[in-house]
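In what follows, a structure is listed as structure tokens, so that the remarks can point back to it.
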Amino acid sequence: MRYLVGLSLVLVSLPWFAAANVTISEVAWMGSLASANHEWIELYNDGASIDLTGWRLTDGNSIDVVLDGVIPGGGYAVLERTSDESTAGAAWQLYTGALVNSGAVLKLYDAAGNQIDTVVGGENWENIGGNNETKDTAQLSDGRWITAPASPGSA
């Protein structure tokens, strides 16, 4: 009986200890039809609300963003390059630097320096997609990367 009570307490407390799973979910490495400089990167949180203050997003070249803010559970955070004009919605945070069209590796680290997510774009972003002519973006969908019309801040 004590075993069942103990197991019940553990099961009831699990949601309090569940970690958020933050992923890089969309990459507009090609910019938009309005400007090649309208690049942005989207993060998605499929867990509980999480404070990303002190987290880092880097491409190992010109992008090294220290994040600041909270992503609600099931929410998106759109990081826009240089100005808030890259997407229709408000930027969660701005960054400087550029996503080179020849490809890059994006890495997301938590505040303790643990690597949380990695996106290997490959040569000319061939591993994840996106289209420099139509400006369709690379999007993570059901665990795989696809090319689709831009959808910053939404599924």
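The values are calculated or read from the model by the stated rules, or taken from the named source; none is laboratory data. Since this is a predicted model, take the numbers as computed values, not measurements. All Cβ positions, even for glycine, are placed from backbone atoms using ideal geometry, and neighbour counts span all protein chains on display. To get the accessible areas, we keep the full protein, side chains included, count just its heavy atoms, and leave off ligands, DNA and RNA. Shrake-Rupley method; radii C 1.70, N 1.55, O 1.52, S 1.80 Å.
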What are the ³J(HN,Hα) values, in whole Hz, obtained from phi via the Karplus relation 6.51 cos²θ - 1.76 cosθ + 1.60 with θ = phi - 60°, for each residue of segment 93-100 in sequence order, with x given for Gly and Pro?
7, 9, 9, 10, x, 9, 8, 5
Of all accessible surface on the chain at a 1.4 Å probe, what whole percent is carbon and sulfur?
54 percent
Can you list residues whose amide H is under 5 Å from Gly103's amide H, if they're 5+ apart or on another chain and H is modeled 1.01 Å from N?
Asn124, Trp125
Could you provide, to the nearest whole Å², the per residue accessible area of the chain with probe 1.4 Å?
54 Å²
By average Cβ neighbour count within 10 Å, what is the ranking of 55-62, 30-37 from highest down?
55-62, 30-37
Can you list residues from other chains, or at least 5 along the same chain, whose modelled amide H is less than 5 Å from the amide H of Tyr95?
Glu80, Arg81, Thr82
12 Å beta-carbon shell around His38, net charge (K/R +1, D/E -1):
-2
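Report Rg(Cα)/(2.2 N^0.38 Å) for the chain, keeping two decimals. Each step should come with its number before you reach the end.
Numbers: Rg = 17.5 Å, N = 155, 2.2 N^0.38 = 15.0 Å.
Dividing the Cα Rg of the chain by 2.2 N^0.38 Å gives 1.17.
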